[in-house]
């Protein structure tokens, strides 16, 4: 149920339906439903996927993930970002790594409806792009 | 307009202004305005920056450059210290990532270590940016970087 903008006027009869709407606004705000005020400083979207771009576990405001090249991925959002956003990342819990080589994830395209990023290992060689399970969280304020 | 801590007393006349204030608290909470009780799992501050240019932020006043690849993220507040295992530590914890948002063929990725500036409460966090395989004194300026700060809240 969408967030309801309520106003109260002096002398107005206070109805149970209006108080119920106010009560439901708590849930609407918590769930960030349509028209609810945007809560700042919380993630706008997140995704977990394996090295083959199959989504694993929970995601939020994500429609799909595509493998667009070895080690390269495109995550498509079910929302539209306006302006700049950023991402933090981590390794997918339980995904497992086969060795102790350092890895990192870097964004290289930020678009309103998708983000492109790639996994890298610590070599500076061209072949350093790498597929591995990962988690990304997208932030905007 | 900040969050209004409203109390309704038994026997009080319920006023339109009181109920309107409750309704406006939804917006104040969402925006994290003055007076909002700190919320678990919600970041204390956030910034996305390109050099010293801020793309978006909350509770961050500025990003200043010490030299290329070394920055101070300046808060609008001074964080407190907490004692963990008998050691005084900042109450703020950082999460961040640096990006090259232009080059899919880049052969490097950028690490983003946070540097604790001291043992006392401060109003900034220091950040360095390195490429993988960089030497210790080599720095890099990424296209953009995101830093999110969480504050330790006692339950």
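What follows is calculated from the coordinates using simple rules that are stated; it is not laboratory data. Here the structure is a predicted model, which means the values were calculated and not measured. Here Cβ is always computed from backbone atoms with ideal geometry, including for glycine, and neighbour counts include all displayed protein chains.
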TODO: Evaluate the distance, in nm, between pseudo-label points positioned 7 Å from the Cα of residue A:82 and of residue A:22 along their respective Cα→Cβ axes.
DONE: 3.0
- [ ] Give the order of A:141, B:12, A:129 when sorted by the count of other beta carbons within 10 angstrom, beginning with the fewest.
- [x] B:12, A:129, A:141
- [ ] Work out, step by step, the length gained on full extension between residue B:104 and residue B:76: first 0.36 nm times the residue separation, then minus their alpha carbon distance; give nm to one decimal.
- [x] 6.5 nm
Open item on the list: Rounding to the nearest 10 and keeping the result within 0 to 90°, find how far the Cα-based axis of helix B:16-31 lies from the longest principal axis of chain B.
Closed with: 10
Task: Computed over chain A, Kirkwood Rh from alpha-carbon pairs, angstrom - done: 17.4
TODO: Provide the gained length on full extension for the span residue B:54 to residue B:123, in nm with one decimal, where the gain is 0.36 nm per separating residue minus the Cα-Cα distance.
DONE: 23.1 nm
Task: Gain on full stretching of the segment that runs from residue B:140 to residue B:152 - 0.36 nm per residue minus C-alpha separation - done: 1.3 nm
Task: Residues A:18, A:72, A:118, sorted so that the one with the fewest Cβ neighbours within 10 Å comes first - done: A:18, A:72, A:118
Open item on the list: As a test of the definition: which semi-axes, in Å, follow for the protein assembly as shown when you take the square root of five times each eigenvalue of its alpha carbon gyration tensor? Largest first, please.
Closed with: 40, 24, 16
Open item on the list: Relative contact order for segment A:29-141: what percent, with Cα pairs under 8 Å and sequence separation of 6 or more?
Closed with: 32
- [ ] Go ahead and set up a Gaussian network model of chain B, Cα springs under 10 Å, then flag whichever of B:48, B:85, B:123 fluctuates most.
- [x] B:85
TODO: State, as an integer percentage, the relative contact order of chain B based on alpha-carbon contacts under 8 Å between residues 6 or more apart.
DONE: 24
- [ ] Starting from one equal scatterer on each C-alpha and no solvent at all, send me the Debye-based log10 I(q)/I(0) for chain B at q = 0.17, 0.21 Å⁻¹, two decimals.
- [x] -1.02, -1.30
Open item on the list: If I model a spin label as a point 7 Å beyond the Cα along the Cα-Cβ vector, how far apart are those points for residue A:64 and residue B:5 in nm?
Closed with: 5.1
Task: Computed helical MRE - 222 nm, the protein assembly as shown, DSSP H runs ≥ 4 contributing -39500 (n - 2.57), nearest 500 - done: -3500 deg cm²/dmol
Task: Percentage relative contact order, segment B:1-91, counting C-alpha pairs under 8 Å, at least six apart - done: 16
TODO: Using only Cα atoms, locate the centre of segment B:79-97 and the centre of segment A:1-33, then give the distance between them in Å, rounded to an integer.
DONE: 39
Open item on the list: How long are the semi-axes of the equivalent ellipsoid of segment B:6-91, defined as square roots of 5 times the Cα gyration tensor eigenvalues? Whole Å, largest first.
Closed with: 37, 20, 9
TODO: Compute the distance in nm between two label points, each set 7 Å from the Cα along the Cα-to-Cβ direction, one at residue A:127 and one at residue B:42.
DONE: 5.0
Open item on the list: How would segment A:65-141 be classified by its alpha-carbon gyration tensor: rounded, prolate or oblate, with rounded meaning a/c under 1.5 and the a/b versus b/c comparison settling the rest?
Closed with: prolate
Open item on the list: I'd like the orientation of helix A:16-30 relative to chain A: the angle between its Cα long axis and the longest Cα principal axis, in ° from 0 to 90, rounded to 10.
Closed with: 10
